[in-house]
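Read the structure below first, then the notes.
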Amino acid sequence: MSQLMFLMMSTLNSTIFMVMKHPMSMGITLLAQTVFICLITNNTSQNAWFSYILFLVFLGGMLVLFIYMTSVASNELFMKNKMSSFVILILMNGSFMLMFMLLDPMLLSNNCEDSMVMYKMNSSTSSLTMSLFNYPNNLLTLFMVIYLFLTLIVVVKITEFNQGPLRTTD
């Protein structure tokens, strides 16, 4: 049930992000999307360490974007659009109705989850580390490496001292 709820909220958050126009509201929506992605990752891989590191990496990237945004558009006014609020309200209601319609009593049983928890408790540390590089989680690890590389390139390009808002003042 929680997996379905996190997926629905993540989809709703992605849709809301397209409506946003102010950089600050986009940043808050991006932070909420990061939390949902980390919760989905934690439920999928049963490994809290990986989702914690993923959250810290996303948060670090968003801090760089926040610094860049405050230096570029520091005095931009935050205007609330009534039409976008109405669209967001309709999307939230629709997603919650869809989530509750898809709820199945079989999703609430924890028998499989209890056996997986017992298996994880009995496994050794090396098998938990190797699980990051096995099939279901290797895509997440590869995504993390690509994301870190692209973030490195973007940060280097943003903080170039010859041009842009972060140049040194002489």
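Just so you know, all these numbers are worked out from the coordinates, no wet-lab data involved. Just so it is clear, the model here is predicted, and its values are computed rather than measured. Don't worry about glycine lacking a Cβ; one is built from the backbone with ideal geometry, like all the others, and counts go over all protein chains shown.
Using the beta-carbon distance between V154 and N93 and R0 = 30 Å, what value does 1/(1 + (r/R0)^6) give for FRET efficiency, to the nearest 0.05?
Numbers: r = 36 Å, r/R0 = 1.20.
In this case the efficiency is close to 0.25.
Want the number for T70 to Y52: 0.36 nm per residue separation, take away the alpha-carbon distance, what's left?
Full extension from T70 to Y52 adds 3.8 nm.
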